[in-house]
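Bear in mind these aren't lab numbers, they're just calculated from the coordinates by the rules spelled out. None of the values given here were measured: they were computed from a predicted structure. Heads up, the Cβs are rebuilt from the backbone with ideal geometry, glycines too, and the neighbour counts pull from every protein chain shown.
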Amino acid sequence: MNKLIITAVLFFSTIAYAQDKINYNEGQAFCYIFNNKHELLKEIPMGKNVTVEYDTFFKSYYIFLKVEDGMMRFDLKFINKLNDGLLSYVDKGTSGQNHYFLEDSLKTNGTLTIINQDKITREGKEYFTTYVFKNLSKTPY
């Protein structure tokens with residue numbers, strides 16, 4: 001009897017866990033570099049075989065992609081929703097050092113856009129990066 005109860009609890013726990021995760025895969029990743037006038041300077045293919053897992057409970061995104069030299073990962077923790085509809089996130093993988101705005105268009109067109117809030121300064125010039133994950137398909141599980 002106890003074995004049956006434990007099995008039932010594990011089964012329903014697994015179902016509950018799966019329901020608060022939404023997965024997308026098979027996408028491509030691109031990095032766009034802008035100057036401080038918001039002019040596009042460069043588009044860089046970043047990776048392929050992108051997988052995005054969205055945790056509906058914590059509102060967190062886990063992004064994995066194959067890059068030329070191996071794998072890359074983003075662990076984005078939800079901070080707050082801004083007035084313009086953008087979402088504010090911090091990358092847990094960088095101990096909270098990298099801050100991003102996020103636009104989720106996964107349901108409508110399979111695209112997830114991550115805008116780096118922090119500027120990059122090189123040779124006295126300021127740059128901003130945006131990562132776009134395209135052509136993602138929702139997985140059935």
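If Lys and Arg each add +1 and Asp and Glu each add -1, what is the summed charge of the other residues whose beta carbon sits under 12 Å from the beta carbon of Pro45?
Value of the local net charge: +2.
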(request) Please find, in a Gaussian network model of the chain (springs between Cα atoms separated by less than 10 Å), the residue of Tyr24, Tyr32, Tyr131 whose mean-square fluctuation is greatest. (result) Tyr32
(request) For every helix of n ≥ 4 consecutive DSSP H residues, a contribution of -39,500 (n - 2.57) applies; sum these over the chain, divide by its total residues, and give [θ] at 222 nm rounded to the nearest 500 deg cm²/dmol. (result) -4500 deg cm²/dmol
(message) Place a point 7 Å from Cα of Phe78 in the direction of its Cβ. Which residues in region 43-68 have their backbone N less than 20 Å from it?
(response) 52-64
(request) Under a 10 Å cutoff between Cα atoms, tell me which one of Lys21, Lys77, Lys107 has the largest fluctuation in the Gaussian network model of the chain. (result) Lys107
(request) List, in order, the whole-Hz ³J(HN,Hα) value for each residue of region 115-125 obtained from phi through the Karplus relation with A = 6.51, B = -1.76, C = 1.60 and θ = phi - 60°; use x for Gly and Pro. (result) 9, 6, 6, 9, 7, 10, 10, 9, 6, x, 10
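Could you grab the relative contact order for the chain? Cα pairs under 8 Å, six or more apart, rounded to a whole percent.
The value is 23 percent.
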(request) Using Cα positions and a limit of under 17 Å, work out the aspartates and glutamates in reach of Lys37, with same-chain residues fewer than 8 apart set aside. (result) Asp118, Glu123, Glu126
(request) Could you list which residues have their amide H under 5 Å from that of Ile79, counting only those 5 or more apart in sequence or on another chain, with H placed in the peptide plane? (result) Ser88, Tyr89, Val90
(request) May I ask you to list the lysines whose Cα is less than 30 Å away from that of Lys42, ignoring any residue fewer than eight positions away on the same chain? (result) Lys66, Lys77, Lys81, Lys92, Lys107, Lys119, Lys125, Lys134, Lys138
(message) Full-extension gain between Asn36 and Thr56, please, as 0.36 nm times their residue separation minus the C-alpha to C-alpha distance.
(response) 3.8 nm
(request) Could you work out the local net charge near Asp104, counting Lys and Arg as +1, Asp and Glu as -1, over the other residues with Cβ closer than 12 Å to its Cβ? (result) +2
